[in-house]
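The values are calculated or read from the model by the stated rules, or taken from the named source; none is laboratory data. Keep in mind that what you see is a predicted model, and the values were worked out from it rather than measured. Here the Cβ is made from the backbone with ideal geometry for all residues, glycine too, and neighbour counts use every protein chain on show. Quick note on the areas: whole protein, heavy atoms, side chains included, nothing else; ligands and nucleic acids left out. Shrake-Rupley method; radii C 1.70, N 1.55, O 1.52, S 1.80 Å.
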Amino acid sequence: MRAARSSGYRSTARGRSRRWRRGVLALATAVGMVAMLAGIALAANPATATLSNGAQLTVSIDSPATGTEFVGSSVDVPVAGKASIGVGAQDATIVYVMDFSGSTGGTPSGSTCGTILDCEKAFFVGLNAAAVADGSTDEVAVVKFSDSASTALGLTDPTSPAVNAAITSGSPGGGTNCSAGLTDALSLVNATTNGHTFVVFASDGVCNTGANVTGPAGALGAAGAVVQSIAIGAGSSCTTDGGAGTLNQIAQNGGVCTAVPNPNNLPDIIQNLIGSTLQSLELSVDGNSSAIPNSEIDPDLPQPGAATVTYSTTAQDLAPGAHTICVTAAGSDVLGDSKTAEACVTVQVVQLSAAPATETNELGSDNQHTVTATIAGDPSVVAGRTVSFVVGGQNAGATGTCSPNANCTTNAAGQVSFTYTVPKADSSLGTDEIEVSAQLGTPPAKVSVTVEKIWRDTTPPVLACTPSVNPNGKNVPGGSNEDGFYLLTATDTVTAQSDIVISVNGLGRPDGSPFRSGDTMKYTQASDGSTPVSKKIGGPDSAVAAHIVSPGDATVTATDTSGNTSTVTCLVPKPPK
């Protein structure tokens, strides 16, 4: 049965149990280990294991959830959750078997708890309180025996007031028929549906009437019950056979007989008969484990059951990829059993990068640029992610194409490339800032990186000073150009022809403006030391831009918008005929 429990009674019982645990050092021997296999629960979240005393050990990772995505090259992931013992599903039954024979009415010398029966009753009241506090027991029953036995209380919630009423009622009388008490206990063990059953048998004497204890004790063992026996008082013994067997023979499945010569010390053995402890928590990241310190656990461990703790720790320095994070709770019980429960989640870490981080192009020879974005992480999450490329800076708004997927989604390796082209023009020169972004993380949010593209022009114009016709339109005579007419031409891979500045010995047109590609000039060599001059020649519609009179040969210089220059020399013509 699993009736609702009174929280007030539970709190009182827990306090009483803890006061006994702080009592005098136990004089009895610790309980033996139950022969059960220990193991780790299958990885789950939450995860549960059950100790031999029926206590449930549970651990959960409340945050992060499986599939949570984090962003960065080295991420610290907060991990938080709970662990408990003796909380949750209860699966233990305890049968209290009490000796009410006549000898229990005696009061031992120095007793502070009254008669042996009074001490025995107080012991079982305390034991029941400990069962409530531990949290793993949802059924108890009370059997009393002397010449015969009776079930004073059937399977009942241990928090019910009826339990203590059944334990504390009744008077001593009759012989010590241990077998009768065990037989009633067997009926109760067979009646429960719980997976863990325990019998605590207490007597102040030797079994001196009824059948031998080995029969019902063996049947209890075969039914899976852990049977503990207690020899109370100086007149009792674990090994003395009063004709119906010994108390040692009653103990089953790892249980032992504990002798308590002084009934005042009965409360001291409660901690050896029932109880479980949440011992430790451990964090594992991809199989690498470390203990979670108490500074990250509230309250500190170890904690006796029933108990729940919270923890908040960190999985540090997680690189891009899938990571399995596990928290393992370790618990034990007084029967010597220990178990672990392991809760696990898998999280993803991704990182966005773009390359090249910076690159410089000679615009005149290469006006195309490609940026490759990479989302690093586990292959299961990096493919098919949409990446945005936005060109800012000098060529803001420039558009391009993506590959291998035209919709700018990443391939199986988490990569996608973006290529754009700018005009071969002065307006393209400068620095572009390309923002590369994607929606990453849980919940998705914009993550971006910015790379740089520098477009430059360091190539000078191609300049020519070509002998040309005279103003009358006649052909260049004999190629010797004795009249000194020259056609000035300049081309550039970036700067438009109309924007190339040309000078001759530092001079431009007569109005002070520079020569432009396609201008014709007349050049006349002046005497050394004279001042160069640019003069008009012909009428308003003259095909000749200027008449340069200057010492020496004509040095022609062309300069593009970026300041790149080239120079040619026009040889001085022979005097005209």
For region 353-361, Karplus couplings with θ = phi - 60° (6.51, -1.76, 1.60), whole Hz, Gly/Pro x: 9, 9, 9, x, 5, 8, 8, 10, 10
Sorted by chain and then number, the residues having a modelled amide H within less than 5 Å of the amide H of residue 542, at least 5 places away or on another chain, are none
Taking every DSSP beta bridge that has both residues in the chain, what percent is antiparallel when rounded to the nearest 5? 75
If you plug each phi of region 547-562 into the Karplus form 6.51 cos²θ - 1.76 cosθ + 1.60 with θ = phi - 60°, what whole-Hz ³J(HN,Hα) values come out, in order, with x for Gly and Pro? 10, 9, 10, 7, x, x, 6, 8, 9, 9, 10, 10, 10, 8, 5, 7
Would you please give the residues with an amide H less than 5 Å from that of residue 174, counting only those at least 5 places away or on a separate chain, with H modeled from the backbone geometry? 102
Under 17 Å between C-alpha atoms, the lysine pairs in the chain lying 8 or more places apart or on different chains count 9
Calculated [θ] (222 nm, deg cm²/dmol) that DSSP helices of n ≥ 4 give over the chain, each run adding -39,500 (n - 2.57): -4000 deg cm²/dmol
Can you pull the one-decimal nm distance between simple spin-label points at residue 572 and residue 407, each 7 Å off the Cα toward Cβ? 7.5
Going from most exposed to least, what order do 121, 82, 536 have by accessible area with a 1.4 Å probe? 536, 82, 121
5 Å is the cut-off here: which amide hydrogens, built 1.01 Å from N in the peptide plane, fall below it relative to residue 292, excluding neighbours closer than 5 in sequence? 281, 282, 283
Placing each pseudo-label 7 Å from Cα in the direction of the beta carbon, residue 462 and residue 80 end up separated by a distance in nanometres of 7.0
Leaving ligands, DNA and RNA out of it, rank 144, 446 by accessible area with a 1.4 Å probe, largest first. 446, 144
Take the alpha-carbon centre of region 240-256, take the same for region 401-432, and report the distance between them in whole Å. 87
Global form of region 348-491, assessed from the alpha-carbon gyration tensor, a/c cut-off 1.5: prolate
Residue-by-residue Karplus 3J(HN,Hα) for region 74-88, coefficients 6.51, -1.76, 1.60, Hz, glycine and proline x: 8, 10, 8, 9, x, 10, 9, x, 9, 9, 8, 9, x, 10, x
Please report, ordered by residue number, every helix of the chain (full DSSP H runs) that is 15 Å or longer along its axis going by C-alpha atoms and whose mean Kyte-Doolittle hydropathy reaches -1.0. 116-134, 178-191
By the Cα gyration tensor axes a ≥ b ≥ c (a/c under 1.5 gives rounded; else a/b larger than b/c gives prolate, otherwise oblate), the shape of region 176-279 is oblate
With a 1.4 Å probe and every protein chain left in place, tell me how much accessible area residue 70 has, in Å² to the nearest 10. 40
Packing-wise, with mean Cβ within 10 Å as the measure, how do 538-551, 497-510 rank, highest first? 497-510, 538-551
